[in-house]
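What follows is a single structure, written as structure tokens, with notes after it.
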Amino acid sequence: MNKELRESFHRAYMTFFEQAERTRRWNPFTDIDWDAIALDRTDAQLATNAETFCGVEMFLPDYLNTHLELFGRNYAQAWFAANWGYEESKHSLVLREYLHRSGQRTEEQLHDYADTILSKHWQRPYATPREMLIYGMIQELTTFVVYRSQRTLALDTGHSVLADIYRLIGRDEMAHTKFYQHMVAMHLDDDREGTLIDLAHVLRTFRMPAEQLLPDAEARSVLMRSTGINGQVYLRDIVAPTLAALRLTRHDLLRTRKSAIPGQDAATHDQES
Ligand SMILES: [Fe+2]
Ligand SMILES: [Fe+2]
């Protein structure tokens with residue numbers, strides 16, 4: 001990594017960490033109004049959704065291993081991984097607490113669920129560090145969109161404790177998204193053509209993390225139904241804001257693919273068609 005990029009990454013991490021410490025820390029034991037949980041009626045669908053997202057978050061050891069394997073020898077990126085992992089660890093933990101304290105899952109069921117999840121391994125979907133950075137950026141925003149829709153669903157059905165949990169988790173996911181966008185923007189400054197090729201590739205092939213590893217087919221279909229993310233939502237809520245944040249247009253991606261990959265048809269964006 002060149003010196004300029006290394007220093008830019010370091011400044012980006014320090015800004016991220018300073019803001020997280022100052023404005024975004026939350027405590028899953030004291031910042032949730034657990035006393036009000038009795039007012040959240042039990043709801044089998046919302047509980048299954050919470051359990052499913054809890055499961056996706058539970059692949060944290062694999063996500064962290066991958067991050068450290070790819071970036072662990074870079075100071076800023078390794079320290080980001082440590083901080084990010086701490087924040088992500090609260091996401092599955094607080095959803096787990098919700099399921100237990102609301103009486104919708106027993107401790108034993110939750111331990112069994114964790115054992116089932118952790119008996120599988122999530123594999124990274126892309127080979128290179130830069131593709132994985134871009135994947136992280138898209139994954140964080142997708143997760144934010146998912147939690148935002150779950151929060152709306154919880155609010156509309158009178159589940160205020162669950163809604164507040166999704167608000168806190170979603171705020172973390174948006175902060176992670178912005179950090180990744182910042183990192184990808186630096187890669188664009190460093191190697192615009194190469195980064196655009198990677199960005200086009202990841203946007204075209206992105207899939208929700210760990211979706212295929214969840215314990216049963218029903219849980220997977222619940223996940224897909226409950227996310228509300230179809231091709232149109234993906235374009236509107238994930239691709240468009242990502243390109244705007246990076247000050248790019250779809251034409252930048254199409255142009256790059258045309259010039260950089262001779263002979264390939266630049267109009268074949270699977271997710272976008
Ligand atoms: Fe998360
Ligand atoms: Fe996140």
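The values are calculated or read from the model by the stated rules, or taken from the named source; none is laboratory data. No experiment lies behind these values; they were computed from the predicted model shown. Counting neighbours? That spans all protein chains shown, and the Cβs are built from the backbone with ideal geometry, glycine included. Calculation scope for accessible area: heavy atoms of the full protein, side chains included, ligands and nucleic acids excluded. Shrake-Rupley method; radii C 1.70, N 1.55, O 1.52, S 1.80 Å.
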task: Please list S89, S160 in order of solvent-accessible area, largest first, computed with a 1.4 Å probe with all protein chains present.
output: S160, S89
- line: Correct semi-axes for the chain, from √(5λ) of the alpha-carbon gyration tensor and rounded to whole Å with the largest first, are 33, 21, 17
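Where nothing but the Cβ of Lys and Arg (+1) and of Asp and Glu (-1) is charged, how large is the charge dipole of the stretch 117-169 around its Cα centre, in debye to the nearest 20? Numbers along the way, then the final one.
Numbers: 6 positive and 4 negative charges, 28 e Å.
Using Cβ point charges on Lys, Arg, Asp and Glu, the stretch 117-169 gives about 140 debye.
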message: At 1.4 Å probe radius, can you tell me the per residue accessible area of the chain in Å²?
response: 48
query: How large is the Kirkwood hydrodynamic radius of the stretch 1-156, in angstrom, based on all distinct alpha carbon pairs?
result: 17.5
message: Tell me the angle of helix 44-57 to the major Cα principal axis of the chain, expressed in degrees between 0 and 90 and rounded to the nearest ten.
response: 50
- line: Along the dipole axis of the chain (charges at Cβ: +1 for Lys and Arg, -1 for Asp and Glu; origin at the Cα centre), the most positive-end residue among A185, L68, M208 is A185
- line: For 28-37, 95-104, ranked highest to lowest by mean beta-carbon neighbours within 10 Å, the order is 95-104, 28-37
Packing-based order for 70-79, 136-145, using average beta carbon neighbours within 10 Å, highest first: 136-145, 70-79
- prompt: Rounded to the nearest 500, what is the chain's calculated 222 nm mean residue ellipticity when only DSSP H runs of at least 4 contribute -39500 (n - 2.57) each, over all residues?
  reply: -22500 deg cm²/dmol
- request: Please report, as a whole percent, how much of the solvent-accessible surface of the chain comes from carbon and sulfur atoms (probe radius 1.4 Å).
  value: 52
Estimated dipole of the stretch 78-208 in Debye, rounded to 20 [Cβ of Lys and Arg +1, of Asp and Glu -1, Cα centre]: 280
